[in-house]
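Enquirer: The structure that follows is given in the form of structure tokens.
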Amino acid sequence: MTLLEHTAETGIEPTPALKYLRRAWPAIPSFALREALKRKDLRINGRRSGAEATVRAGDALRLYIDEKYTQSSLRVLFEGAGLLCVEKPQGLPVDADEAGVGADTLLARARAMYPGARLCHRLDAGTGGAILLATGEETYKAVLSAFRERTIGKTYALAVFGAPPQAEGSLVGYIAREEGKARVRVYDEPHAGAKIARTDYRLLDTRQVGGRTVSFLEADIHTGRTHQIRAQMARAGCPLAGDDKYGERESNAALHARMPALWCRRLVLPETGLPERLRGLRIESVPRFPLWKELARY
């Protein structure tokens with residue numbers, strides 16, 4: 001057993017123990033957390049606690065959990081000239097949530113290895129793959145500028161249900177957040193509060209998996225809108241496998257696909273505006289979402 005220690009954030013509302021633990025340690029499977037609570041392997045302010053317990057602001061938590069669920073390292077894809085690129089596991093958020101809850105995040109893991117590291121961009125919790133952080137001020141500012149100017153190439157690997165009508169194409173639309181919901185809507189024409197989004201895709205393979213048509217694609221995004229690839233592919237009739245928010249719950253359940261089959265596969269830095277060692281740098285990350293094993297390796 002491994003001991004995890006954490007102090008609940010000062011601004012949180014009273015929260016059931018399991019819900020809080022899921023937020024604090026999102027990479028630990030829910031069944032493992034439920035088992036720990038069943039055994040009362042959680043101590044809140046020194047008192048053994050189970051599923052009926054409530055976590056409040058300032059509580060001192062001590063959680064005993066099987067060490068196989070506490071992997072906290074990150075695969076480093078590149079390090080140098082003030083830049084750090086690591087491989088983000090699926091299910092791990094990049095940072096704490098809006099209430100500051102997050103004992104285990106990509107940023108926390110990165111800072112344990114490289115104190116002072118700062119995020120240069122973000123990926124959804126369910127998306128895996130290459131992500132950039134900066135360990136130097138000059139590089140941090142230069143990379144942020146490159147993202148603003150859209151000069152960093154971003155290529156994703158994804159698996160979708162169905163097959164696009166063309167082997168290659170561009171999805172262009174206008175994306176806006178749905179009020180009061182943690183999702184977005186895609187419009188074909190300009191719309192109040194919506195921002196233009198463009199995704200170029202290439203079909204690489206189509207197969208039958210578990211009695212369902214699944215296609216493997218690569219996509220380059222030219223904008224970085226919230227849920228851009230997920231929402232635009234769903235709008236095009238090819239929702240991502242594993243994406244319950246925009247996709248097919250029944251098909252996801254049938255294939256045991258629990259997270260969107262989406263992976264940041266490649267980042268290409270611009271030839272100008274960065275320290276010399278970083279100019280034109282191409283960083284690759286091998287997709288590791290489960291359906292990758294069912295499809296051709298490209």
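The values are calculated or read from the model by the stated rules, or taken from the named source; none is laboratory data. As the structure is a computational prediction, the values presented were derived from the model and not from experiment. When we count neighbours, we look across all protein chains shown, and the Cβ atoms used for this are built from the backbone with ideal geometry, even at glycine.
Enquirer: What number goes with the only condition from (1) over 18 Å from LEU133 (Cα atoms); (2) in contact with a strand residue (DSSP E or B) (Cβ under 9 Å, 6 or more places away or on another chain); (3) in a helix (DSSP H, G or I) that ARG109 does not pass?
Expert: The failed condition is (1).
Enquirer: Are there strands (runs of 3 or more DSSP E) fully within the stretch 120-207 with at least 1 residues that are closer than 17 Å to LEU278 by Cα? List them. Steps first, answer last, please.
Expert: Working: elements: 128-134, 153-161, 168-177, 184-187.
Per the criteria, 128-134, 153-161.
Enquirer: If we only count strands (runs of 3 or more DSSP E) wholly inside the stretch 1-97, which ones have 2 or more residues that are at negative phi and crowded, with 19+ Cβ neighbours inside 10 Å?
Expert: On the way: elements: 2-7, 42-44, 47-49, 60-65, 75-80, 83-88.
Because the criterion is at least 2 residues that are at negative phi and crowded, with 19+ Cβ neighbours inside 10 Å, the strands (runs of 3 or more DSSP E) in the stretch 1-97 that meet it are 2-7, 42-44, 60-65, 83-88.
Enquirer: Let me ask something additional. Looking at the stretch 141-149, can you tell me whether even one residue there is within 18 Å of the chain's Cα centre (by Cα) and crowded, with 20+ Cβ neighbours inside 10 Å?
Expert: Scanning the stretch 141-149, I find no residue that is within 18 Å of the chain's Cα centre (by Cα) and crowded, with 20+ Cβ neighbours inside 10 Å, so the answer is no.
Enquirer: When you scan the stretch 167-182, do you find a residue that is in contact (Cβ under 8 Å) with a residue 60 or more places away in the chain and of a type in the set (Lys, Arg), even just one?
Expert: No, the stretch 167-182 contains no residue that is in contact (Cβ under 8 Å) with a residue 60 or more places away in the chain and of a type in the set (Lys, Arg).
Enquirer: Does the stretch 205-215 contain at least one residue that is in the same structural domain as THR127 (by TED's automatic domain parsing), over 12 Å from ALA159 (Cα atoms) and surrounded by 19 or more Cβ atoms within 10 Å (Cβ to Cβ)?
Expert: No, the stretch 205-215 contains no residue that is in the same structural domain as THR127 (by TED's automatic domain parsing), over 12 Å from ALA159 (Cα atoms) and surrounded by 19 or more Cβ atoms within 10 Å (Cβ to Cβ).
Enquirer: Under 23 Å from PHE289 (Cα atoms), modelled with pLDDT of 95 or more and in the same structural domain as ARG118 (by TED's automatic domain parsing): is that true of GLU87 in this structure? Even if it seems obvious, please write down each step before you answer.
Expert: On the way: under 23 Å from PHE289 (Cα atoms): yes; modelled with pLDDT of 95 or more: yes; in the same structural domain as ARG118 (by TED's automatic domain parsing): yes.
So GLU87 fits the description; yes.
Enquirer: Name the pairs whose Cβ atoms lie under 8 Å apart, with the first residue in the stretch 267-285 and free of Cβ contacts under 8 Å to residues at least 24 places away in the same chain, the second β-branched (Val, Ile, Thr), and 6 or more positions between them or separate chains?
Expert: These pairs meet every condition: ARG279/THR272; GLY280/VAL268; ARG282/VAL268.
Enquirer: Pairs, please: C-beta under 8 Å, at least 6 apart or cross-chain, first residue in contact (Cβ under 8 Å) with a residue 24 or more places away in the chain and within 19 Å of GLY129 (Cα to Cα) and in the stretch 83-105, second among the polar types (S, T, N, Q) and surrounded by fewer than 21 Cβ atoms within 10 Å (Cβ to Cβ)?
Expert: Sorted first by the residue in the stretch 83-105, then by its partner, the pairs are LEU83/THR135; LEU84/THR135; ASP104/SER72.
Enquirer: Taking the conditions exactly as written (in contact with a strand residue (DSSP E or B) (Cβ under 7 Å, 6 or more places away or on another chain), free of Cβ contacts under 8 Å to residues at least 40 places away in the same chain and of a type in the set (Lys, Arg)), does ARG212 satisfy them or not?
Expert: Numbers: in contact with a strand residue (DSSP E or B) (Cβ under 7 Å, 6 or more places away or on another chain): yes; free of Cβ contacts under 8 Å to residues at least 40 places away in the same chain: no; of a type in the set (Lys, Arg): yes.
When the stated conditions are applied, ARG212 does not pass them.
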